[in-house]
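J.: Take a look at this one; I'll ask things after.
The values are calculated or read from the model by the stated rules, or taken from the named source; none is laboratory data. If you're wondering where the values come from, they're calculated on a predicted model, not measured in any experiment. All Cβ positions, even for glycine, are placed from backbone atoms using ideal geometry, and neighbour counts span all protein chains on display.
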Amino acid sequence: MDIHDEMLARLRNRKPGFSLDRPFYIDPAYYQLDLEHVWYRDWLFVGHDCEIPAPGNYFTVEVGAYSVIVVRGDDGQIRALHNSCRHRGSRVCLEHKGAAAKLVCPYHQWTYDLDGSLLFARQMGDDFDTSAFGLKSVACEAAGGYIFISLAKDPMDFAPFRAMMEPFFLPHRLREAKVAFESTIIEKGNWKLVWENNRECYHCAANHPELCKTFPEAPTVTGVSGAQDDPEIVAHWEKCEAIGLPSAFTIDESGQYRVTRVPLLRDAISYTISGRKAVQMRLSDNVHMDRIGSLLLYHYPTTWNHILSDHAVTFRVLPISATETAVTTKWLVHKDAVEGIDYRLDELIHVWTETNDQDRRIVEDNARGIQSPAYQPGPYSQIHEGGVIQFINWYAEFMEKRLSGSGQPSLRSVA
């Protein structure tokens with residue numbers, strides 16, 4: 001039995017409501033199948049419009065074996081291009097981010113326009129056709145201040161996600177915000193362990209003292225379920241929707257992405273120890289109320305998000321290996337907010353900096369335990385880990401469909 005068939009058999013024989021078999025978390029061959037069937041085929045969050053506000057601004061991102069340039073063109077459009085020169089394959093952009101009038105390969109100075117077309121190739125002969133050697137494009141979409149790419153030859157339809165998320169996000173004007181701070185940590189654990197840890201707050205009371213000052217542990221608040229039976233949640237939705245902020249829990253049919261707005265504890269405004277504002281200037285001029293709680297967005301496999309009245313905290317997950325994952329956090333504030341006047345950076349980032357480090361430790365301890373041959377799948381809490389169950393069900397269904405060659409994953413309602 002080859003590794004493809006082995007993984008498929010394990011998925012079909014897995015016990016519902018239990019964690020996955022050991023190879024899913026540690027085996028390089030299983031990781032390669034994850035790359036080929038999830039990461040190289042789905043839409044991936046890579047960054048924000050506001051990070052590349054002017055023509056020539058760019059950043060690069062690494063997804064498995066691929067390096068991708070995300071750049072704003074002279075026409076204002078955001079595009080994604082493979083970061084591989086069409087001459088001999090050298091990387092064109094060597095920095096994580098920057099600005100350039102043209103994209104110039106440092107090896108032999110092949111020069112590309114910001115749309116990827118080849119403008120100049122030195123001494124290649126009179127009959128050389130530059131139009132045949134532009135940088136290869138990557139599917140790219142911008143929605144509500146977020147930039148997504150897809151490495152697939154035939155990307156999945158992006159329109160349903162855009163239609164769901166933009167009404168929630170456009171009032172917050174993230175396209176016009178700015179990144180106040182960015183951090184990337186490497187968690188020594190499989191990307192699925194990072195997501196499993198994120199999708200529950202069963203661990204929060206014992207591990208996240210800072211976050212628990214403002215963020216509730218209740219499963220109805222974490223975006224795991226619709227929470228339509230929770231009067232506090234429903235009242236919060238009604239309050240926010242009365243001022244024009246869509247809030248009610250919404251999920252796509254496959255369970256890949258969801259969005260909802262939830263209240264914070266004790267009517268807190270922001271993720272600070274006191275619950276008071278971290279930024280004195282509201283994130284958006286369109287939002288005229290402080291206590292709107294947190295707008296949550298989850299999109300597997302790359303992002304979860306918290307959008308508040310004074311700032312936003314966005315997260316990007318990218319796999320590095322079978323046992324390493326990069327988690328990038330960005331704190332967004334109003335474009336005119338001034339550090340030291342409108343906010344103190346240490347107060348703005350404190351809660352999530354601490355929480356991220358705590359989660360890194362949790363994931364790494366979990367990963368070390370799974371390395372043991374004594375590990376066997378254990379049961380998730382039906383009360384507190386419904387989000388983990390939903391994530392694993394999503395992953396298993398997608399992988400089973402794709403490994404079996406039966407087309408796109410079936411669409412079904414997921415609570």
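J.: Could you check residue 292 against (1) surrounded by 22 or more Cβ atoms within 10 Å (Cβ to Cβ); (2) closer than 18 Å to residue 355 by Cβ; (3) over 19 Å from the mean Cα position of the chain (by Cα) and say which number it fails?
T.: (2)
J.: Look through region 329-349, keep the residues that are part of a strand (DSSP E or B) and not basic (Lys, Arg), and return whichever of them is surrounded by the fewest Cβ atoms within 10 Å (Cβ to Cβ).
T.: 339
J.: Residue by residue through region 275-300, note down the ones that are closer than 30 Å to residue 31 by Cα and either among the hydroxyl-bearing types (Ser, Thr, Tyr) or touching a Pro at 6+ places or on another chain (Cβ under 8 Å) (or both).
T.: If the condition is that a residue be closer than 30 Å to residue 31 by Cα and either among the hydroxyl-bearing types (Ser, Thr, Tyr) or touching a Pro at 6+ places or on another chain (Cβ under 8 Å) (or both), then 298, 300 are the ones that fit.
J.: May I ask you to list the residues in region 12-51 that are within 20 Å of residue 304 (Cα to Cα) and either of a type in the set (Ser, Thr, Tyr) or at pLDDT below 95 (or both)?
T.: 40 - this is the single residue of region 12-51 that is within 20 Å of residue 304 (Cα to Cα) and either of a type in the set (Ser, Thr, Tyr) or at pLDDT below 95 (or both).
J.: Condition (residue is at pLDDT 95 or above, part of a strand (DSSP E or B) and either in contact with an Asp or Glu (Cβ under 9 Å, 6 or more places away or on another chain) or farther than 26 Å from residue 32 by Cα (or both)) applied to region 281-294: is it met by at least one residue?
T.: Yes, the conditions are met somewhere in region 281-294.
J.: Can you name every one of the strands (runs of 3 or more DSSP E) wholly within region 132-250 that holds 3 or more residues which are in the same structural domain as residue 355 (by TED's automatic domain parsing) and surrounded by fewer than 21 Cβ atoms within 10 Å (Cβ to Cβ)?
T.: Output list reads 178-187.
J.: I need the full set of residues from region 307-328 which are surrounded by fewer than 20 Cβ atoms within 10 Å (Cβ to Cβ) and more than 18 Å from residue 149 (Cα to Cα), in order please.
T.: Hits for region 307-328 are 321, 324.
J.: Is there a residue in region 393-400 that is part of a loop (DSSP other than H, G, I, E, B), among the small types (Gly, Ala, Ser) and either surrounded by fewer than 17 Cβ atoms within 10 Å (Cβ to Cβ) or out of contact with any Cys (no Cβ under 7 Å at 6 or more places or on another chain) (or both)? Even if it seems obvious, please write down each step before you answer.
T.: Within region 393-400, the subset part of a loop (DSSP other than H, G, I, E, B) is none.
For region 393-400, residues part of a loop (DSSP other than H, G, I, E, B), among the small types (Gly, Ala, Ser) and either surrounded by fewer than 17 Cβ atoms within 10 Å (Cβ to Cβ) or out of contact with any Cys (no Cβ under 7 Å at 6 or more places or on another chain) (or both): absent.
J.: Another question about this same structure. Among all residue pairs at least 6 apart or on different chains, which show Cβ distances below 7 Å where the first residue, located in region 259-284, is over 25 Å from residue 175 (Cβ atoms) and the second is among the basic types (Lys, Arg)?
T.: Every condition considered, the pairs that remain are 267/291; 273/213; 275/213; 275/266.
J.: Now, a different point. Restricting to helices (runs of 4 or more DSSP H) lying wholly in region 1-49: which have 1 or more residues that are under 22 Å from the mean Cα position of the chain (by Cα) and buried (at least 20 other Cβ atoms within 10 Å of the Cβ)? Steps first, please.
T.: Numbers: elements: 3-13, 23-26, 28-34.
Passing ranges, in order: 23-26, 28-34.
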